[in-house]
Amino acid sequence: MTLSAGVRLGPYEIVAPLGAGGMGEVYRARDARLSREVAIKVLPERLASDPERLKRFEKEARAASALNHPAIVTVYDIGETDGVSWIAMELVEGKTLRELLVSGPLPVKRALQIGAAVAEGLARAHESGIVHRDLKPENVMVGKDGLVKILDFGLAKRRLSPADKDETSTPTETGTQAGVVLGTVGYMSPEQVSGEEIDYRSDQFSFGAVLYELLTGRRAFQKSTAVDTMSAILHEEPEPIAQRTPQAPAPVRWIVERCLAKEPEDRYASTKDLARDLATVRDRLSEAGSGEALVSAPSRPRAARWMTLGAVALVAVSLLAGKWLWKTPTPSQPSYQRLTFRSGFVNAARFSADGRTILYSARWDGEPPRIFLTRPEAPESQRLDLPDANLVSISSSGELALITGKTQIEQGWFVAPGTLATAPLAGGAPREIAEDVTWADWSPDGKQMLVVRGGQLEFPLGKVIHRGGAFLSRLSPAGDRVAYFENFQLHVVDLLGQELKAVNDAVSKLRMRSLAWSAPGDEIWFTASGQAGDTLRAVNLAGRERVLLRMPDELRVEDVSRDGRMLLVIHHRRHEVWVGSPGEARERNLTIFGASNAMGISADGKTLLDNERGGFYLRRSDGSPPKKLGEGFGSELSPDGKWAAVVRPGPPSRLVLVPTGAGQERPFEAGAIEEYESDYVRWSQDGRRLVFGAHEKGHAFRLYVQEVSGGAPRPVTPEGEDAGYASLSPDGRFVLVRAGKDFWIYPTDGGEKRPVKGFLPTDYIWRNWSEDGRFAYAWNISELPFRVFRVELATGRRDLWKTITPQDPVGIWNADLMLTPDGKSYAYNCSRDLADLYLVTGVR
């Protein structure tokens with residue numbers, strides 16, 4: 001399939017082809033909505049035409065898009081247009097590591113910079129439960145701006161049909177082909193070669209092979225045939241780095257050797273530790289000089305050479321001991337004064353011109369965004385008599401810049417366009433200035449405003465100085481420079497839009513969140529995400545970067561006063577589960593460790609199955625202490641609450657029943673099934689049958705039904721059917737399935753399926769049948785409050801049945817609902833983001 005320039009895929013217009021591979025063709029395209037260029041990957045027909053494979057591809061794409069790390073290429077969108085399935089992602093222009101290696105090994109310092117960035121990206125992915133499985137030089141790109149990006153994240157993890165596995169007898173060296181499920185020869189871990197179950201430590205091995213190649217210019221494992229190469233991975237050690245690149249410091253060699261350990265247990269227990277070790281070596285060697293500078297040169301005096309070698313020895317010994325023998329100066333200890341005390345989300349905060357008054361906009365207790373005033377010497381906040389709006393700036397004369405009509409700021413990053421208005425601090429009705437504005441900032445003299453509209457920078461309003469994807473910007477204290485974010489990276493331009501310094505080269509390892517100019521205007525202070533939390537950093541126009549603060553929570557710097565005080569927003573994020581029971585006046589929070597994921601509720605609503613931090617627990621709706629049932633992922637709870645259906649990982653995986661009380665674990669007869677889907681298990685209301693998604697050996701994904709009392713599983717849906725959600729009827733004789741945008745009822749004992757009207761493509765179903773089997777409940781999980789509709793299955797009649805409003809909607813930005821058959825009890829998972837405002841002093 002070849003697309004011509006001008007063809008539109010959704011909101012994207014094809015500009016030109018970029019390349020092609022086994023996973024499809026890639027095109028440069030333009031997003032007219034945001035005035036930015038993107039990369040569009042068009043999936044091959046054999047993938048796009050298989051609903052099961054396409055569904056898993058989309059699932060991995062969504063997982064990768066949630067990683068939010070600058071070293072991982074960002075997935076923007078997925079869709080289908082006129083039968084063409086596509087995925088839109090960040091456009092990265094530059095060279096892959098394979099292209100950079102054409103001329104030989106990279107300088108040690110450059111190899112460490114690239115390796116540290118890749119390791120941090122892997123650490124973030126592994127924290128999110130995603131394993132790349134095909135890390136290699138072709139899948140890492142260094143952009144023209146110096147940013148390092150891991151490509152095709154999650155694509156190699158998708159599950160394929162057995163037919164695809166036969167398309168190539170061995171994995172290839174040149175790219176990720178559609179039939180490659182094990183990885184790429186030369187970069188596979190020993191456990192991949194052996195066909196064993198793999199985890200994040202397999203990526204560490206592949207990373208070690210890539211870093212080895214960057215340092216030596218040669219592949220760690222390369223023989224004349226693929227079979228010989230795999231044998232070398234299992235039984236041989238690569239040539240020592242010191243023999244090929246003697247200037248590589250010993251700590252770097254030790255890191256590579258640990259990554260390339262044959263046994264996973266001998267590698268890093270956490271990829272965070274790997275990233276931290278590599279970053280430490282990079283930073284410490286940068287302080288002492290580049291890797292090349294640590295090698296004695298013939299022209300140097302003998303004493304200097306010995307001093308240099310001594311420095312290398314110090315680095316090596318200190319790493320081995322677990323700490324450094326020299327330290328950087330101890331940073332000043334800042335003090336924190338909390339300024340807000342209500343439950344909600346602070347959108348923005350600014351100092352007034354005198355520096356004594358602080359204004360902020362916040363959403364308290366589920367209310368719309370409103371403007372408040374406070375002073376450090378008093379804990380109270382005063383609400384200003386202004387319409388609902390978000391604050392963006394305060395002028396030197398006390399004029400407020402507001403944006404009205406904005407949607408919720410999700411995760412503190414997304415800013416929807418609204419109407420820019422001004423209002424005097426002393427009071428008065430706002431005056432509307434411009435529409436479709438996402439950000440604005442007053443000039444120091446208070447006479448003009450810098451405006452972000454449609455991704456472009458305007459200064460003053462109406463005069464475009466930069467066209468692109470800007471979404472946050474601030475004027476310098478002198479008013480002669482503009483700092484802004486584009487694709488979560490930092491840029492600085494003058495008032496004519498000329499780039500002053502590619503400061504993002506110095507901060508390319510982290511994803512930007514917020515920014516403010518320092519009091520003298522010689523630095524930009526910004527917050528960014530890392531593998532162990534957030535940091536507040538500073539960078540000057542010469543590109544020199546330093547860390548000001550480190551915290552385990554998410555940070556946003558809002559403003560810096562003339563005397564150096566700072567307004568900082570600290571986020572607190574949790575994943576919670578709440579239950580509503582009949583006779584109870586209030587919902588009950590059943591969250592255990594702040595990372596809840598409930599997967600089942602008993603028919604009487606008194607018992608829940610909850611997953612938290614690697615284990616599954618039994619929870620009672622009365623709030624009694626949780627009971628841990630085991631390790632792994634609990635998939636569904638029986639209607640009587642006495643059994644948990646659990647998928648044990650493989651290969652092959654197995655479906656078992658774990659008693660919630662006394663009793664023995666009961667395995668299900670698997671038949672030819674070799675892989676179960678843990679999130680596709682559903683129980684009939686009479687407790688006699690389970691329906692679940694699985695792969696039979698030699699077949700693609702389909703839904704199966706199985707008697708709890710015993711017997712083999714029986715297929716219900718056709719092979720490859722795109723069964724997104726499923727729910728069993730009360731007697732287990734029928735299963736309601738959402739396939740794509742349509743809903744169908746399949747007889748579980750055989751027969752033709754029949755369509756069901758009255759459902760919407762956005763509807764969610766779980767154990768949704770009414771007790772009498774006449775109706776099914778449906779709702780949209782992305783909307784709050786939950787509007788539950790009752791659909792009559794025979795006629796398709798759809799009526800609003802109940803509205804469920806969370807008891808505490810503050811900060812909720814994602815939620816899903818579980819409903820008992822009688823509709824009297826419910827439970828829901830939600831992600832909650834709360835934020836508080838602090839006045840911070842002493843940061844230098």
If each part is reduced to its alpha-carbon centroid, the stretch 179-252 and the stretch 332-366 end up apart, in Å, by 51
If you keep only loop residues by DSSP, which trypsin sites (Lys or Arg not before Pro) in the stretch 745-789 have at most 14 other Cβ atoms within 10 Å of their Cβ?
Lys757, Arg774
Descending packing, highest mean Cβ count within 10 Å first, for 458-465, 207-214, 493-500 is 207-214, 458-465, 493-500
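Given contacts defined as C-alpha pairs under 8 Å and at least six residues apart, what's the relative contact order of the stretch 541-617, whole-number percent?
Averaging sequence separation for qualifying contacts and normalising by length gives 17 percent for the stretch 541-617.
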Kindly rank 140-148, 684-692 from highest to lowest mean number of other beta carbons found within 10 Å of each residue.
684-692, 140-148
Find, among the GluC sites (Glu not before Pro) in the stretch 737-785, those assigned to loop by DSSP (not H, G, I, E, B) with at most 10 other beta-carbon atoms within 10 angstrom.
Glu752, Glu783
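Can you give the net charge of the other residues whose Cβ lies under 11 Å from the Cβ of Ala242, counting K and R as +1 and D and E as -1?
That sum, taken over residues with Cβ under 11 Å, equals 0.
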Going by the alpha-carbon gyration tensor, a ≥ b ≥ c the square roots of its eigenvalues, is the stretch 638-744 rounded (a/c under 1.5) or, if a/c is not under 1.5, prolate (a/b greater than b/c) versus oblate?
oblate
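Taking K and R as +1 and D and E as -1, what net charge do the other residues with C-beta under 12 Å from the C-beta of Gly773 add up to?
Numbers: positive: Arg733, Arg774; negative: Asp686, Asp731, Glu771, Asp772, Glu792.
The answer is -3.
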Charges on Cβ only, +1 for Lys and Arg, -1 for Asp and Glu, centred on the Cα centroid of the stretch 698-765; of Ala739, Thr717, Val756, which one is farthest towards the dipole's positive end?
Val756
Where a ≥ b ≥ c are the square roots of the eigenvalues of the C-alpha gyration tensor, would you call the stretch 543-629 rounded, which needs a/c under 1.5, or, failing that, prolate if a/b is larger than b/c, or oblate?
prolate
Would you please give the residues with an amide H less than 5 Å from that of Ala389, counting only those at least 5 places away or on a separate chain, with H modeled from the backbone geometry?
Arg370, Ile371
Binning at 5 angstrom from zero up to the longest distance, how are the C-alpha pair distances of the stretch 441-485 distributed in percent?
6, 26, 37, 23, 8, 1
Can you pull the three principal axis extents for the Cα set of the stretch 514-553, in Å, largest first?
29, 17, 13
Expected sort for 564-571, 369-376, 619-626 on mean C-beta neighbours within 10 Å, highest first, is 564-571, 369-376, 619-626
Shape box of the stretch 757-844 [Cα atoms, principal axes, largest first, Å]
69, 25, 17
Please work out whether the stretch 85-124 counts as rounded, prolate or oblate from its C-alpha gyration tensor, where a ≥ b ≥ c are the square roots of the eigenvalues and a/c under 1.5 means rounded, while otherwise a/b larger than b/c means prolate and anything else oblate?
oblate
Which residues qualify? For Thr340, with a placed amide H closer than 5 Å and at least 5 residues away or on another chain, they are Leu837
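Rule-based calculations on the coordinates, nothing more; no lab input. From a predicted model like this one, the values you see are computed outputs, not experimental measurements. Glycine also receives a Cβ, built like all others from the backbone with ideal geometry; neighbour counts cover every protein chain displayed.
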